[in-house]
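Reviewing the structure listed below.
The values are calculated or read from the model by the stated rules, or taken from the named source; none is laboratory data. The shown structure was predicted, so the numbers you read here are calculated from the model rather than taken from an experiment. With ideal geometry, Cβ positions are generated from the backbone for all residues, glycine too; neighbour counts draw on all protein chains shown. Quick note on the areas: whole protein, heavy atoms, side chains included, nothing else; ligands and nucleic acids left out. Shrake-Rupley method; radii C 1.70, N 1.55, O 1.52, S 1.80 Å.
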Amino acid sequence: MRRALAIAVVALLPLVNMTAAAGTTAEQPPDRQAAFAAAAKEFQVPESVLLGVSYLESRWDAHAGQPSNDAGFGPMHLTDAAAFTGSNHHGEGEEDARGDESRPLAPVATTVAPTEIPASLKTMEKAAQLTGASHEALRSDAATNIRGGAALLADYQKSIGAPLSPDPAQWYGAVAKYSGADESEAAKVFADEVYRTIEDGAERVTDDGQQVKLTPIPGLERIEKWLEKLGLRPPRRDGVECPRSISCEWIPSAYAQKPNGDYGHYDLANRPDSQKIQYIVIHDMEGYFLPSIKLNQDVNYGASWQYSVRSTDGHIAQHVKGKDVAWQAGNWYINAKSIGIEHEGFLAEGGTWYTEAMYRSSAKLVRYLAARYDVPLDRAHILGHDNVPGTLPTTVRGMHEDPGPFWDWKHYFDLIGAPLHGFGGPKADSIMIRPDFATNKPYFYGCDRKNPEAACPPLPAGTVWLRTEPRDDAPLIKDIGKHPTGTNDSLYSVYDHSARASTGQRFAVADRQGDWTAIWYLGQKSWFYNPRSAPTAVPSAGLVVTPKPGLATVPVYGRAYPEQEAYPADIPYQAVTPLQYTFSAGEKYTLAGKAATEYYRAVTFDEASHKVVKGKTKYLQIQFGHRVMFVKADDVRVSLAW
């Protein structure tokens, strides 16, 4: 009863949040397109510029009045200092970031640096002064928010001595300033993306059903001299490994010796010569850009990652070279074969959406890294931290959940240039999860840490719930690794992926019944709602594995380590321990490819002692649940699911 009531209440929230609030004008434009036109006229900003800036910040979405991951609100992403939290997940829970029991980690500090909010990001206060609107109105009313953004652009234009011209080319400096960046390159890249969007045009239906269009202006000029008026600092490049089309600087992670032979807090290597990079792992920081970077520079901290991406403008800092192994995924096998990218923001608390600027910059980085290291552009190799398996039965429960259900994987892969297309007929024996992100708003609770049992606002998500039977009121399936005892009460939590399948993941079909499809998932037949009128999955023909004839079950693993005979005398054997799940005869799981049988021994500050142990046992990577896992090739039979 309580859940039903909560769902009914949150279903009404978009209507409540986006109605006129205190401080709005008496007559607001009737739709989003008209709101942009009215605000542009009022503040003498070219409508194309206003639309282009808004698209880079929010894709014109209102997000039901919820903040972004750096406390930006509404279509114009007005940032409100009062909405920032002091949270940073990197202060706790990262003892497993290395994910290798062969080398115990020193205790990790649980305190975090204080949240730092650049003055340039406190834009809501300025917008309130310029428009006379209240903070509440600027947060919750889309038209008022757009007025605030237009007023800011006009104010920025005046501040650099540029004219309030109808020519979009004259607004390059104001657009660059709107990014909030203090690096010249970051501001320029943001402005270039806005102008490219204006040149190309855009059209879409927003998250609250508003049709908005930006008519293309081919050959649009940009007067870059206005950028010089901003007086921004140059970035520290120092050989960063980034494409030239993004703003990127070098802010190195700490690497130094500590007492008692310890060191921090990544490992030197020689990738890809020593071992191939097979994965790119997408994280969110559960915190803000500057405090997270400071943690990466603290030699006493027990985790590191290669790149950090800032929310407001997509600016990137590189901390660890691609050749070296960062302690970022909680699984040493994955660490040794991956690059970790942290994104400013939160899975749920403190913010619920990621900016377009962040998505675009991150996607360009992933495309560059994938080409450089030959990483397949699919969801079996571009992983979320929540897709990385535990190494042992005891570590499964504590694995991380970011970037969570509100990360838009479909849009991200579109930007990467590898769209998540279906393949095969309507009765294909394997499918890809792909709900419509804008309209798919499943029930969650746990977005408010102060009230953890409260329902989350109805927000776009890229996941589907998995149930024991083909009906809405059937129980969710259970993950025995996440919930070894007790009931399924926690599974609707936004932090619990136990019964969720995510966009881009491929699964073997176990059954179909009406509008429901069943897949094999963690050793269970798991049902999700997949109506023909609004499908949440598409055909995805490909290879699957099943136990070889005569085998009732086969073990699944969280890493693909060599057999004992492969280890030299000076390197301790790393046991390959099966996880707690059961892969039984008759079940099928999609095949992602071969997994290299390797263990990287790196437990000293001196790289000279680091070695890669290579084995002969053949492993295959499969999509066994929300996380990828591994099976021995000799245990399974590979076939085509068509």
Revision key, fill the gap. Ordering 561-572, 530-541 by per-residue average of other C-beta atoms within 10 angstrom, highest first, gives 530-541, 561-572
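Per DSSP H run of at least 4 residues, take -39500 (n - 2.57); add these up for the chain, divide by its residues and hand me the 222 nm value, nearest 500 deg cm²/dmol.
On the way: 14 runs with 138 residues, N = 642.
Helices in the chain give a 222 nm mean residue ellipticity of -6500 deg cm²/dmol.
Heavy-atom accessible area per residue, the chain, 1.4 Å probe: how many Å²?
37
For a 29 Å ceiling on Cα separation, which of these pairs sit above it: Lys294/Lys364; Lys441/Lys525; Lys482/Lys525; Lys158/Lys364? Provide the component values of the computation, followed by the final result.
Details: Lys294/Lys364 25 Å; Lys441/Lys525 24 Å; Lys482/Lys525 18 Å; Lys158/Lys364 33 Å.
Pairs exceeding the cut-off: Lys158/Lys364.
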Exercise for review: State the dimensionless ratio Rg/Rh of region 415-508 (Rg: radius of gyration of Cα atoms; Rh: Kirkwood radius).
Suggested key: 1.00
Point to revise | Relative contact order of the chain, defined on C-alpha pairs under 8 angstrom at six or more residues apart (%) | key: 12
Exercise for review: Express in nm, to one decimal, how much length is gained between Gln513 and Asp167 on full extension, taking 0.36 nm for each residue of separation and deducting their alpha carbon distance.
Suggested key: 118.8 nm
Study note, to complete from the structure: Using alpha carbon centers only, region 304-362 is separated from region 168-186 by a whole-angstrom value of 24
Study note, to complete from the structure: Of all chymotrypsin sites (Phe, Trp or Tyr not before Pro) in region 549-591, the ones in DSSP coil with at most 15 other Cβ atoms within 10 Å are Tyr573
Exercise for review: Could you tell me, in Å, what Rg and Dmax come out for the Cα atoms of region 445-552?
Suggested key: 15.4, 53
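Treating only the Cβ atoms of Lys and Arg (+1) and Asp and Glu (-1) as charged, compute the dipole magnitude of region 335-411 about its Cα centre; round to the nearest 20 debye. If you can, show how the numbers build up before the last one.
Details: 8 positive and 10 negative charges, 71 e Å.
Its charge dipole is roughly 340 debye.
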Check your understanding: Where a Cα-Cα gap under 18 Å defines reach, which aspartates and glutamates qualify for Lys632, not counting those fewer than 8 residues away within the same chain?
Key -> Glu563, Glu565, Glu587, Glu598
Check your understanding: What FRET efficiency, computed as 1/(1 + (r/R0)^6) with R0 = 60 Å and r the Cβ-Cβ distance, is obtained for Glu565 and Leu130, rounded to the nearest 0.05?
Key -> 0.25
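Which value in Å is the Kirkwood Rh of region 126-266 over different Cα pairs? Don't skip to the answer; put the middle values down first.
On the way: mean 1/r = 0.0555 Å⁻¹.
Computed over Cα pairs of region 126-266, the Kirkwood hydrodynamic radius comes out at 18.0 Å.
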Practice item. Determine the percent antiparallel among the DSSP beta bridges restricted to the chain, to the nearest 5. Key: 75
Practice item. Pop a pseudo-label 7 angstrom from the Cα along the beta-carbon direction at both Lys614 and Lys158 and give the gap in nm to one decimal. Key: 6.8
Review point. Dipole of region 554-634 (Lys/Arg Cβ +1, Asp/Glu Cβ -1, origin at the Cα centre): which of Tyr567, Tyr581, Leu591 lies farthest to the positive side?
Key: Leu591
Review point. With charges set only on the Cβ (+1 for Lys and Arg, -1 for Asp and Glu), what does the dipole of the chain come to about its Cα centre, in debye to the nearest 20?
Key: 1440
Review point. Taking the Cα centre of region 424-571 as the origin, how large is its charge dipole in debye, to the nearest 20, when only Lys and Arg (+1) and Asp and Glu (-1) carry charge on their Cβ atoms?
Key: 360
Check your understanding: By average Cβ neighbour count within 10 Å, what is the ranking of 495-501, 548-554 from highest down?
Key -> 495-501, 548-554
Exercise for review: May I ask you to list the GluC sites (Glu not before Pro) in region 153-227 that are in a DSSP loop and have at most 13 other Cβ atoms within 10 Å of their Cβ?
Suggested key: Glu221
